[in-house]
Structures are given as structure tokens and as C-alpha cells.
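Structure, as C-alpha cells:
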Amino acid sequence: MKYRHQFHAGNFADVHKHVLLLDVLAALTRKDKGMLFVDTHAGRGEYQLHPGDAAHPGEWQSGAARLLAAAPTHDSLRRYRELLVARRHGASLFYPGSPLLAAGALRPVDRLVFFETQRDEAGQLRKALEAQSAANQAANKSVRVESSDGFAGLRALLPPAERRGCVLIDPPYEEREDFTRVSAAAIDALQRFESAVLILWLPVKLRADFDAWYDKLRGKLARPVLASLLWMHPCDSRAALNGSALVLVNPPYLVEEAVRGWLPELRASLGDDKEGSGCEVIATGPR
Ligand SMILES: C[S@@+](CC[C@H](N)C(=O)[O-])C[C@H]1O[C@@H](n2cnc3c(N)ncnc32)[C@H](O)[C@@H]1O
């Protein structure tokens, strides 16, 4: 595997995904009862980003750095921006990946399981989680990092003893099979545990490809689904990563309203109102 998330950390797609993740976890932690959180493709947890670092092309300059330079008004964007401000050291940013964000948002009563196949990335993740936990008195009590396949690991965890759970599925899509693996994992997870809250991230190159994938998945799910789409470049060219799609199955109460509030503001902050950028929220009830 060649994929290293360090090259993409903090880009517009990461920002989109992480703001939504925090919304979902905030909604789920309004109830006292503990839950299971699974991150099937966790990465290393923290990414040191420096401007002008030739080894790490600056995708984050058009993502996290733009949000840092903005003054967002929506609570979800402000909360996320404040987390970034706390991790800024001079011009550098210690960008928090999904595991650190989840560990910070969850409580001692919750259980967290992370999967990361690259052993060195998994090792770095353990260190980053330990460092964050040492600095936080209300640290999570049950945190596990597995250096193994997240799709297989997820199957073994569902249904959770807690009867409440949230799963982030965020593979690298270096192989096209990841698209079918993600939909198969979502269908399987809901068969084992129908109230699972699932967050699926997908890259968007051609919008038509996303729509076809989404319609096929929707046809197989009997649960409510929310899709949040953000694109920085027109979605009719195969040139690059044009857009980011988040598919949220069993969206918690009020998350749709929040996303409809912050997504246009995020697009304006990151897209600089440039031609070709856009966003859309698609909500569909159970079938
Ligand atoms: C997009 S990155 C994850 C980013 C992270 N979720 C975040 O938001 O900060 C995908 C990660 O999945 C890892 N990976 C690839 N295949 C995997 C698999 N089958 N199971 C678990 N991890 C895998 C890669 O090594 C990479 O670090």
C-alpha cells in the first residue's frame, strides 16, 4: 500500500468529513448511555503540517488553513475551528484526524475501536491517543487500536453490547473495489445492527458515478439516509478529487438541520466563491 494520509490531511474533504463527524458525535453524546465508536480506516491520528514543506504538498492550504483564516458563524464550524486554533503552532498545524477528534468528543463511558492496516501508522496512532489521553482528565477508558483490516474487524464488533453505535468508514479508494466494499460493509452492518449510525466518506470525481453508487445503495437500505456533497471543482471532469461526499445512515436528531446550516458557509469559506464550487444536501427517508 502506497497511500499516506499525510499528503491529504486537512484538505477540503477532511474538513468536510471532520465537521460532520463532530456534529454526529455531539448529537449521540446527548444521551448518557455509552456507545461503541468504530473507525474502520483510522490513519495516524495526527498530522504535522508546515507551510512550504516540499515533502507534503499543501492540500491543507486550501482546506484547514482557509477555515482558520475565516470567521465562521455557524456553531459547528466555530467549534471545529477552535479545535484547530488550539493545535496551531506558529504557521504549522498539528492537524487532528478522525481518531483524535472522536476520542476528544467521546466520554469515559464510551468504547472506541480503531483499525489501521499500516503498522507504523497504527503505532503512531497509539502514541497520539496516549498523549491526548494523558492531557485530558476525562479521558476515554476503553480505546483499542488494531493493526488489521477494518472491514473484517467491523463485522466482528456488531451488534455491540451497548446497543448504541457509530461507525466511520473512510478507506483510501486507491482501489476501485473500495466503492463496493463500502456499500457491502454498510449493508452488512445494518443487517447485524439496524440502528447503527454509519458515516461513509467517498471521493467525487464524476457526479454521475456518485449518483449511480448512491442510488444502488439506497435501493438496498431500509433506513433514513442523508448525503452531504461539497465540491471545489466542477464534477464533470475526471481530473482530480473534485468533491467530497458523506453519506450518513440513520442520521441522529437535528444533524440534518445542522448540516443544512453549515455546509453553504463551509463552501463559501473554502471555495472562495470560485466558479465550479458547490454543495448539496440530499435527505431520503426509510424505504
Ligand atoms: C483516508 S485515510 C483515514 C483518515 C482518517 N479516517 C481521518 O479522517 O483522519 C485511510 C487509512 O486507511 C488505511 N487502510 C487502508 N486499507 C485499510 C483496511 N483494509 N483496514 C484498515 N485500514 C486501512 C490506510 O493506511 C490509511 O491510513
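The values are calculated or read from the model by the stated rules, or taken from the named source; none is laboratory data. The structure displayed is predicted, hence computed values, not measured ones. Every residue, glycine among them, receives a Cβ derived from its backbone with ideal geometry; neighbour counts consider all protein chains shown. Note: accessible area is taken over every heavy atom of the protein model, side chains too, but ligands, DNA and RNA are not part of it. Shrake-Rupley method; radii C 1.70, N 1.55, O 1.52, S 1.80 Å.
Tabulated results
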| read-out | value |
| --- | --- |
| Selection from the range 54-99 of residues that are in a loop (DSSP other than H, G, I, E, B) and open to solvent by less than 20 Å² (accessible area, probe 1.4 Å) | Gly63, Pro72, Gly97 |
| Residue in the range 167-182 that is over 22 Å from His8 (Cα atoms) and either crowded, with 19+ Cβ neighbours inside 10 Å or within 10 Å of the ligand (Cβ to nearest atom) (or both) present | no |
| Residue list for the range 107-122, filter: more than 12 Å from the ligand (Cβ to nearest atom) and open to solvent by 10 Å² or more (accessible area, probe 1.4 Å) | Arg107, Pro108, Val109, Arg111 |
| Scope the range 128-156; condition out of contact with any strand residue (DSSP E or B) (no Cβ under 9 Å at 6 or more places or on another chain) and basic (Lys, Arg); matching residues | Arg155 |
| Residue among Pro108, Pro160 that alone is within 28 Å of Lys216 (Cβ to Cβ) and over 20 Å from the mean Cα position of the chain (by Cα) | Pro160 |
| Lone unmet requirement of (1) more than 24 Å from Leu100 (Cβ to Cβ); (2) within 16 Å of the ligand (Cβ to nearest atom) for Pro159 | (2) |
| Considering residues of the range 124-141 that are surrounded by 14 or more Cβ atoms within 10 Å (Cβ to Cβ) and of a type in the set (Gly, Ala, Ser) only, the residue nearest to Met35 (Cα to Cα) | Ala139 |
| Output for the range 16-44, where each listed residue is part of a helix (DSSP H, G or I) and within 10 Å of the ligand (Cβ to nearest atom) | Lys17, His18, Leu21 |
| Unique match (being open to solvent by 10 Å² or more (accessible area, probe 1.4 Å) and on the phi < 0 side of the Ramachandran plot) among Ala102, Ala185 | Ala185 |
| Selection status of Ala13, within 12 Å of the ligand (Cβ to nearest atom), of a type in the set (A, V, I, L, M), in a loop (DSSP other than H, G, I, E, B) and surrounded by 23 or more Cβ atoms within 10 Å (Cβ to Cβ) | no |
| Criterion violated by Ala222 - all others in (1) more than 16 Å from the ligand (Cβ to nearest atom); (2) assigned to a loop (DSSP other than H, G, I, E, B); (3) farther than 21 Å from Glu46 by Cα; (4) under 21 Å from the mean Cα position of the chain (by Cα) satisfied | (4) |
| Answer from Ser228, Ser237, Ser269 - the residue that is open to solvent by 20 Å² or more (accessible area, probe 1.4 Å), among the polar types (S, T, N, Q) and under 17 Å from Tyr80 (Cβ atoms) | Ser269 |
| Subset of the range 39-53 (residues that are under 17 Å from the mean Cα position of the chain (by Cα) and open to solvent by 60 Å² or more (accessible area, probe 1.4 Å)) | Arg44 |
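Residue-wise test of (1) touching a strand residue (DSSP E or B) at 6+ places or on another chain (Cβ under 9 Å); (2) more than 30 Å from Gly276 (Cβ to Cβ); (3) modelled with pLDDT of 95 or more.
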site	(1), (2), (3)
Ala189	yes, yes, yes
Ile199	yes, no, yes
Arg207	yes, no, no
Leu229	yes, no, yes
Pro234	yes, no, no
